[in-house]
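Below is one structure, written out as structure tokens; comments come after it.
The values are calculated or read from the model by the stated rules, or taken from the named source; none is laboratory data. All values reported here derive from a predicted model rather than from experimental measurement. Every residue, glycine among them, receives a Cβ derived from its backbone with ideal geometry; neighbour counts consider all protein chains shown. The area values use the complete protein model at the heavy-atom level, side chains included, leaving out ligands, DNA and RNA. Shrake-Rupley method; radii C 1.70, N 1.55, O 1.52, S 1.80 Å.
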Amino acid sequence: MLKIINYSKAYRKDQYAVKNLNLEVEAGDLFAFIGHNGAGKSTTIKSIVGILPFEEGEIYIDGLSVKDYPVECKKKIAYIPDNPDLYESLTGMQYLNFIGDVFKIKEAQRKKIVEQYAKEFELYQDLNNLISSYSHGMKQKLAIISAFIHSPKLLILDEPTNSLDEDGVEMVKKILRQEKERGATIVLSCHDTQILEDLSDEIIEIQTGKIKGIYAPKEKIM
């Protein structure tokens, strides 16, 4: 589902943030990136989702090159950054409907998804309020809900439990399990060891822009 071949990214000449990274993630798997700040995790993620251009190597999503087919690839993915930028002049519901319109999701389908997840996240009663009035945790929940509206094949999450309370974290874990069962591929960057241990199929440690090792969750955490 996700294939990275000899991917490199340099912000300055001969100063690589990531160098010759190779990785393949199968459909239905959950891979977790770990590593210190500046290791290259976010750089790699931003290139996968099409935010950050790169010159060396290739990244394929469901067999399509993100360089050659950027729009087609973006239709297949959902990306949740660690600090989501939302349109704060909209209400939560207006924002979710906007995302539904972007992906051309029928009203009945989006309504079902929004009601399910917003009620489980205890956000449903706040959807008619402006996003500018939301706490960071509420914004994080809204971003997570928006990611599932089009049933993406590939989920990319960067610290998805930031600012969430214990119930919110448990809800994220529940949703990720459901998505794995649906067959979605999940790649996340996360420092929450409980999520890593409970959900990950493999953990990829990145150090100074290179893969230091690939581990089974218990092998790395315990």
Taking interchain pairs and intrachain pairs at least six residues apart, which have beta carbon atoms under 9 angstrom, with the first residue in the range 123-135 and over 11 Å from Leu86 (Cα atoms) and assigned to a helix (DSSP H, G or I) and the second among the aliphatic types (A, V, I, L, M) and open to solvent by less than 30 Å² (accessible area, probe 1.4 Å)?
Tyr124/Val114; Tyr124/Ala118; Gln125/Ala118; Asp126/Ala118; Asp126/Leu142
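Can you spot a residue in the range 8-22 that is aromatic (Phe, Trp, Tyr), under 22 Å from Pro81 (Cβ atoms), touching a helix residue (DSSP H, G or I) at 6+ places or on another chain (Cβ under 9 Å) and in contact (Cβ under 8 Å) with a residue 40 or more places away in the chain?
Here is the first cut: in the range 8-22, the residues aromatic (Phe, Trp, Tyr) are 11, 16.
Right, trim to under 22 Å from Pro81 (Cβ atoms) and you get 11.
Restricting the remaining residues to those that are touching a helix residue (DSSP H, G or I) at 6+ places or on another chain (Cβ under 9 Å) gives 11.
Remaining after also requiring in contact (Cβ under 8 Å) with a residue 40 or more places away in the chain: none.
No; the residues of the range 8-22 include none that is aromatic (Phe, Trp, Tyr), under 22 Å from Pro81 (Cβ atoms), touching a helix residue (DSSP H, G or I) at 6+ places or on another chain (Cβ under 9 Å) and in contact (Cβ under 8 Å) with a residue 40 or more places away in the chain.
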All positions within the range 1-30 that are over 23 Å from Lys74 (Cα atoms) and of a type in the set (Lys, Arg)
Arg12, Lys13, Lys19
Where a residue in the range 210-222 is closer than 18 Å to Asp192 by Cβ and charged (D, E, K, R) and its partner, wherever it lies, is open to solvent by 60 Å² or more (accessible area, probe 1.4 Å) and at pLDDT 60 or above, with Cβ under 8 Å and at least six apart
Lys218/Glu197
List pairs: first in the range 99-110 and open to solvent by less than 80 Å² (accessible area, probe 1.4 Å), second not in a helix (DSSP H, G or I) and not aromatic (Phe, Trp, Tyr), Cβ under 7 Å, 6+ apart or cross-chain?
Ile99/Ile149; Gly100/Ile149; Phe103/Ile149; Phe103/His150; Ile105/Ile149; Ile105/His150; Arg110/Ile149
State whether the residues of the range 18-31 include one that is open to solvent by less than 10 Å² (accessible area, probe 1.4 Å), polar (S, T, N, Q) and in a strand (DSSP E or B).
no
Kindly list the number of the only condition in (1) at pLDDT 95 or above; (2) open to solvent by 20 Å² or more (accessible area, probe 1.4 Å) that fails for Ile61.
(2)
Looking for whichever is outside any helix (DSSP H, G or I) and open to solvent by 40 Å² or more (accessible area, probe 1.4 Å) here; the options are His150, His191. Which one fits?
His191
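If we scan the range 199-217, do we find a residue that is within 19 Å of Asp85 (Cβ to Cβ), open to solvent by 10 Å² or more (accessible area, probe 1.4 Å), not β-branched (Val, Ile, Thr) and not in a helix (DSSP H, G or I)? Steps first, please.
So in the range 199-217, the residues within 19 Å of Asp85 (Cβ to Cβ) come out as none.
No, the range 199-217 contains no residue that is within 19 Å of Asp85 (Cβ to Cβ), open to solvent by 10 Å² or more (accessible area, probe 1.4 Å), not β-branched (Val, Ile, Thr) and not in a helix (DSSP H, G or I).
Of Lys141, Lys119, which residue is at pLDDT below 95, surrounded by fewer than 20 Cβ atoms within 10 Å (Cβ to Cβ) and not polar (S, T, N, Q)?
Numbers: Lys141 fails: surrounded by fewer than 20 Cβ atoms within 10 Å (Cβ to Cβ).
The unique qualifying residue is Lys119.
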